[in-house]
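Engineer: Before I ask anything, here is the structure I am working with.
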């Protein structure tokens, strides 16, 4: 039996070649690195840490409803947040995501037995949106009019070219 026949039968029997063993070692190393990255929490910005301190983890947070659309130059997020003061909304933007947290407070207490229907959400709310492309957080703008929060996030267009002149 020649060496190629031997290799065929070794592979058929499940014996691993040196190349296969090397591949498995490299795969194991890559998986270990990936799990370490998942386990290590990235450093939070100071403002994120402040928000985490003020955020009451014991109270469940509702999910803020949002509309997200894009124009040729921007990604736009709109959300109806009636009854919330602008100072009760925290918006954190990075180049690839936005997190909106806040709290809606009821002005008066009404007992559960007096409700005929209760659909409004009162209390803390949060929402995080991952962007389909990189945005420029430094030039983002936010507006709050008639209970509608609008955040405009300019897209970063790395494909756009610029002509340089020597002068």
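Engineer: Kindly rank 98-109, 75-86 from highest to lowest mean number of other beta carbons found within 10 Å of each residue.
Structural biologist: Packing proxy ranking, top to bottom: 75-86, 98-109.
Engineer: Treat each spin label as a single point 7 Å out from the Cα along the C-beta direction, and report the residue 69 to residue 110 distance in nm.
Structural biologist: Placing both labels 7 Å beyond Cα along the Cβ direction yields 3.3 nm.
Engineer: Subtracting the Cα-Cα distance from 0.36 nm times the residue separation, let me have the gained length for residue 95 to residue 118 in nm, one decimal.
Structural biologist: That pair, residue 95 and residue 118, stretches by 4.5 nm at full extension.
Here, each number is a calculation from the coordinates, and none is a lab measurement. Predicted model, so just to flag it, every value in this text is computed and none were measured. Ideal geometry is used to build each Cβ from the backbone, glycine not excepted, and the neighbour counts take in all protein chains shown.
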